[in-house]
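Asker: The structure follows.
The values are calculated or read from the model by the stated rules, or taken from the named source; none is laboratory data. In this text the structure is predicted, and so the values were computed from the model without any measurement. Ideal geometry is used to build each Cβ from the backbone, glycine not excepted, and the neighbour counts take in all protein chains shown.
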Number of protein chains: 2
Amino acid sequence: MTLTLFGYWRAAAPYRVRIGLNLKGLAYDQSPVNLLKGEQRQGPYLDLNPQGLTPALALSGDGGDGVVLTQSLAILEWLDETYPDAPLLPADPLGRARVRAMAMTVACDIHPLNNVRVTGELAARGQDEPARRAWMARWLAEGFTALETAIAAHGGTYAYGDAPSLADICIVPQVYGARRFEIDLSPYPTLVAAADRAADHPAFAAAHPSLQPDAADA
Amino acid sequence: MTLTLFGYWRAAAPYRVRIGLNLKGLAYDQSPVNLLKGEQRQGPYLDLNPQGLTPALALSGDGGDGVVLTQSLAILEWLDETYPDAPLLPADPLGRARVRAMAMTVACDIHPLNNVRVTGELAARGQDEPARRAWMARWLAEGFTALETAIAAHGGTYAYGDAPSLADICIVPQVYGARRFEIDLSPYPTLVAAADRAADHPAFAAAHPSLQPDAADA
């Protein structure tokens, strides 16, 4: 099966899927969607993903022709079910629940509040750059405070135990984004240490925004 | 195992978990957390869930003592793995990916933008009631537009095929919330018809906010 990832080099959600694909050892093509030019809301991409958000993963060959998967966590769960080697979740239901809760703390309660469509809406409502940064910092702080406690309780080399998981897949891109926006990460030393160890893993390192084909367009 | 759900009668995310518990035919206790009084950010509850959001599901007995699960979708996936009868997801990976994407369109890209901590922050930034309603309507419209297309393609009696799933579990509470805030649902006839059929299912009907023990506190 051929996999084509539609995403944007600097966006958190496609970054997650790149990490997952790399952890699974899967080859994939990339088709850049420039969020700053609004390509996610224009014809060709919107036909693939009517929600107008990235990422999307298009399948072809081996019965996958014409199938387009959306929502980064749904794509990652599909990857884990379809390619079970190098699992993204622990084997036991309780561990899986804890890892998914960590991932969703980022993917539901931090990232969707801070992405470009939302900060754009805030700007349109007269919220200036410092006000927008304070907005982003608030949701990050609430989520990372909870994650700091969870990682202190359940973390090891990585956010949950000693294998990289869906939790690290969500946390590493969020830490990258927080640093980009100069949000203070000093209250979360356990989280940041685990994220930095994960970022050094080859699958994470190869997914870094700076190494993607469209990074040169910046 | 004894299950205790911490939630608030009118909140969307605990409503999802009630539906899931009912679909599984599981008995559970409820421990109300009054969001309007800020109980989610006070000692007893914050000790259970440091993120200060609802729901949380506390386990006791049968080796579950002291375990508290958080994040509604992580709880629902745990329920589905632990009690496999009456599955919340289709059997095939592609179907599972589509249902999870529908669920996450609500749980990641609509609900977290419109919940009480966010509308409270907007109010603190001088956004009046009509401005806050326009904010909520925008994110709902973007998500429901995508869901209308997905349900037209893959829906049957319910949002995905002819069995209730995680998609309906997320969509029904969001439709309830949209009606409460008088958001126009006429552009989404396929979605609304499927949601109304799901809402009539006994497991969904028994989870309705108006039937919960803390509804009388309103």
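Asker: Please verify whether A:VAL99 is of a type in the set (Val, Ile, Thr), in contact (Cβ under 8 Å) with a residue 24 or more places away in the chain and at the interface with chain B (Cβ under 9 Å from one of its Cβ atoms), treating the condition exactly as stated.
Answerer: Yes, satisfied.
Asker: Shifting gears a bit: Can you run down the residue pairs with Cβ atoms below 8 Å, 6 or more apart or on separate chains, where the first is in region A:192-218 and part of a loop (DSSP other than H, G, I, E, B) and the partner is β-branched (Val, Ile, Thr)?
Answerer: Sorted first by the residue in region A:192-218, then by its partner, the pairs are A:ALA207/A:ILE19.
Asker: What number of residues within region A:121-133 are surrounded by fewer than 13 Cβ atoms within 10 Å (Cβ to Cβ) and outside any loop (DSSP other than H, G, I, E, B)? Explain how you work it out, then say what you get.
Answerer: Narrowing region A:121-133 to residues surrounded by fewer than 13 Cβ atoms within 10 Å (Cβ to Cβ): A:124, A:126, A:128-130.
Pick out the ones that are also outside any loop (DSSP other than H, G, I, E, B) and you get A:124, A:129-130.
Number of matching residues: 3.
Asker: Out of (1) β-branched (Val, Ile, Thr); (2) surrounded by fewer than 23 Cβ atoms within 10 Å (Cβ to Cβ); (3) at the interface with chain B (Cβ under 8 Å from one of its Cβ atoms), what's the single condition that is false for A:THR105?
Answerer: So A:THR105 meets the others, but not (2).
Asker: Look through region A:14-37, keep the residues that are farther than 15 Å from A:ASP214 by Cβ and of a type in the set (Gly, Ala, Ser), and return whichever of them is nearest to the chain's Cα centre (by Cα).
Answerer: Looking at the filtered set, the residue picked out is A:GLY20.
Asker: Against the condition more than 23 Å from B:PRO209 (Cα to Cα), at pLDDT 95 or above and of a type outside the set (Ser, Thr, Tyr), how does B:LEU89 come out, does it pass?
Answerer: So B:LEU89 fits the description; yes.
Asker: Now a separate question. If you scan region A:8-49, which residues turn out to be in a loop (DSSP other than H, G, I, E, B) and over 21 Å from B:ALA150 (Cα atoms)?
Answerer: A:TYR8, A:TRP9, A:ARG10, A:ALA11, A:LYS24, A:GLY25, A:LEU26, A:ALA27, A:TYR28, A:VAL33, A:ASN34, A:GLY38
Asker: Would you pick out the residues in region A:57-108 that are closer than 24 Å to A:PRO44 by Cβ, hydrophobic (A, V, I, L, M, F, W, C) and touching a helix residue (DSSP H, G or I) at 6+ places or on another chain (Cβ under 7 Å)?
Answerer: A:LEU57, A:ALA58, A:VAL67, A:VAL68, A:LEU69, A:ALA74, A:ILE75, A:TRP78
Asker: May I pose another question? I need a count of the residues in region A:147-163 that are more than 23 Å from A:ALA86 (Cα to Cα) and surrounded by 24 or more Cβ atoms within 10 Å (Cβ to Cβ).
Answerer: Final tally of qualifying residues: 1.
Asker: When you scan region B:164-187, how many residues do you find that are surrounded by fewer than 23 Cβ atoms within 10 Å (Cβ to Cβ) and not aliphatic (A, V, I, L, M)?
Answerer: Counting residues in region B:164-187 that are surrounded by fewer than 23 Cβ atoms within 10 Å (Cβ to Cβ) and not aliphatic (A, V, I, L, M) gives 9.
Asker: Sticking with this structure for a sec: Check B:THR149, B:THR157 and return the single one that is more than 14 Å from every other protein chain (Cβ to nearest Cβ), over 14 Å from the mean Cα position of the chain (by Cα) and of a type in the set (Val, Ile, Thr). Spell out the reasoning first.
Answerer: Working: B:THR149 fails: more than 14 Å from every other protein chain (Cβ to nearest Cβ).
Answer to the check: B:THR157.
Asker: Would you call A:GLY61 within 10 Å of chain B (Cβ to nearest Cβ) and of a type outside the set (D, E, K, R)?
Answerer: Criteria not met by A:GLY61.
Asker: Residues in region A:67-96 that are in a loop (DSSP other than H, G, I, E, B), buried (at least 22 other Cβ atoms within 10 Å of the Cβ) and more than 9 Å from chain B (Cβ to nearest Cβ): how many?
Answerer: Looking only at that region, the number is 2.
Asker: Please verify whether region B:153-160 includes one or more residues that are in a helix (DSSP H, G or I) and either in the same structural domain as B:ALA11 (by TED's automatic domain parsing) or modelled with pLDDT of 95 or more (or both).
Answerer: yes
Asker: Among the numbered conditions (1) away from chain B (no Cβ under 12 Å); (2) under 17 Å from the mean Cα position of the chain (by Cα); (3) modelled with pLDDT under 95, tell me where A:GLY52 comes up short.
Answerer: The one condition A:GLY52 does not meet is (1).
Asker: Still on this structure, I have one more. All but one of (1) of a type in the set (D, E, K, R); (2) surrounded by fewer than 20 Cβ atoms within 10 Å (Cβ to Cβ); (3) touching a helix residue (DSSP H, G or I) at 6+ places or on another chain (Cβ under 7 Å); (4) within 13 Å of chain B (Cβ to nearest Cβ) hold for A:GLU39; which doesn't?
Answerer: (4)
Asker: Restricting to region A:14-27, name every residue that is surrounded by fewer than 24 Cβ atoms within 10 Å (Cβ to Cβ) and touching a strand residue (DSSP E or B) at 6+ places or on another chain (Cβ under 8 Å).
Answerer: Within region A:14-27, A:LEU21, A:LEU26, A:ALA27 qualify.
Asker: Let me ask something else about it. Against the conditions (1) more than 10 Å from chain B (Cβ to nearest Cβ); (2) touching a Leu at 6+ places or on another chain (Cβ under 9 Å), where does A:VAL118 fall short? Just the number, please.
Answerer: Status for A:VAL118: all satisfied but (1).
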